[in-house]
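The values are calculated or read from the model by the stated rules, or taken from the named source; none is laboratory data. Quick caveat: nothing in here was measured; it's all calculated off a predicted structure. Cβ: placed from backbone, ideal geometry, glycine included. Neighbour counts: every protein chain shown. Heads up: the accessible areas ignore ligands, DNA and RNA and are worked out on the full protein's heavy atoms, side chains in. Shrake-Rupley method; radii C 1.70, N 1.55, O 1.52, S 1.80 Å.
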Amino acid sequence: FLIEELEEHIQKLHENRALAISERRAADLADESGVIEAAVNAAVSILSKGSSSAYLSAASNAAQAAAAAARESSNLPPELDEFGRDINMQKRMDLKRREENRRRRKTQSETKRLASAVKNKDIEKIEGELSTDESDSESTAYVSSRDEFLKAADHVFSDAKEEYSSLRTVKDKFEGWKSQYPSAYRTAHVALSAPSVFTPFVRLELLKWDPLHETTDFFDMDWHKVLFNYGMQDNESPSGSNDSDVVPVLVEKVVLPILHHRIKHCWDVLSTQRTRNAVDASKMVIGYLPTSSKDLHKLLASVRSRLTEAIADLSVPAWGSMVTRTVPGASQYAAYRFGVAIRLLKNVCLWKDILAEHVVEKLALDELLKGKILPHMKSIILDVHDAITRAERIATSLSEVWPKQSQKLQPFVDLVVELGNKLERRHMSGISEEETHGLAR
């Protein structure tokens, strides 16, 4: 019961960590999109009437005024309660803190992006494609609380007799029993009950396992080292036991539920590193399980569900070039949201060896590429440089998964052909020949 209590605390800790990140990201998006979308709506209402220089100037003024009004409305005025306290002060402080943290994270992300561009000279990452997904305060709060629980876990078996105090001791006792009294070992059905006896020791060690934030192979875990060869030496013995199934049974009954909980409730789908870790952990677990495992099917269903939700929640603006040129900050905001979409596209593709091919194709090509990314690409197609740069990032994200053309890639192929035609016309008219050659490459 002590282990169960610690497991519940650790689970809650991971959930709170994930919730803090998702709530902060949602608040950041609301802060930024509220101002930009107000400005865009104001500009569009005027540009719908005409596109002459007078309309462009009026649209720009209207956008700036709408943005200023949106910022002012978010900066809540003092509102006193019956005790004379300003009940909006905390909201204003939270808004300011988010702005500062957002600025710092974007600086970190930009530094990482430029470093990546230097390392991979042929392909430069775009804004939003790389990101710092967790703030220092979120990480520090988690580590501090986790360390307290793990210290408590060290004392769970402190009052146990020596012969029951460790997994290795209990395992040796069972193996001695099997060696000396194989008939009694078989009659007692130890092969069936051994995993249950070993389970508390395994669960205790797995309290430290953090499959989303670190990569730890089972072969580096003590429980796996102790039990890996259990029953294998004499698997053909007259006892007829299935002791060699101990590790697979523990993986399915103990390890898999932990991973399932993390993916279902704690996985940050927009984090590429967290996704890589989730993929590695899933591959590791799958290696021990039969494909018929119902619990494994539930895990994969949760992966698909989380990816589907993330794609549905993603917004990528499809504003025209006239709007982005008229509204201050609109172009940068749209570019960043496109970068986030590319990040999600890469994360979906990371599951290519685990999820069925038709599932990955539906998520990546139907729902994300066709539903979210291509409308944005069509909206910026007049800006040939940006369109080609972003098309390159799409191709790079998809190339490892679909090295040969899929029918569902045809809309993207058509877009690239159209970009090629526009570049050809630029070349024929002699516009910036050096840049044209660079884009053609």
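Candidates (i) 48, 28, 17; (ii) 41, 23, 19; (iii) 53, 30, 16; which is the computed semi-axes √(5λ) of the Cα gyration tensor in Å? Of the listed options (i) 48, 28, 17; (ii) 41, 23, 19; (iii) 53, 30, 16, (iii) comes from this structure. For the chain, the per residue solvent-accessible surface stands at 54 Å², with DNA, RNA and ligands left out and a 1.4 Å probe. Note on M93: accessible area approximately 100 square angstrom, rounded to 10, probe 1.4 Å, nucleic acids and ligands left out. Computed over the chain, the per-residue total of -39500 (n - 2.57) for DSSP H runs of n ≥ 4 gives a 222 nm mean residue ellipticity of -21500 deg cm²/dmol, rounded to 500. Run the accessible area of region 224-338 with a 1.4 Å probe and give the carbon-and-sulfur part as a rounded percent. Of all accessible area on region 224-338, carbon and sulfur atoms account for 52 percent. Across the chain, Cα pairs under 8 Å and at least six residues apart give a relative contact order of 16 percent. To put it simply, the accessible area of region 7-52 at a 1.4 Å probe is 54 percent carbon and sulfur. Taking a straight line from the alpha carbon of K422, these lysines sit under 22 Å away, with near neighbours fewer than eight places off in the same chain left out: K370, K378. Within the chain, helices built from complete DSSP H runs that reach 15 Å or longer along their own axis (Cα positions) and carry a mean Kyte-Doolittle hydropathy of 0.5 or higher are 190-206.
The peptide list 29-38, 269-278, put in order of mean Cβ contacts within 10 Å with the highest first, becomes 269-278, 29-38.
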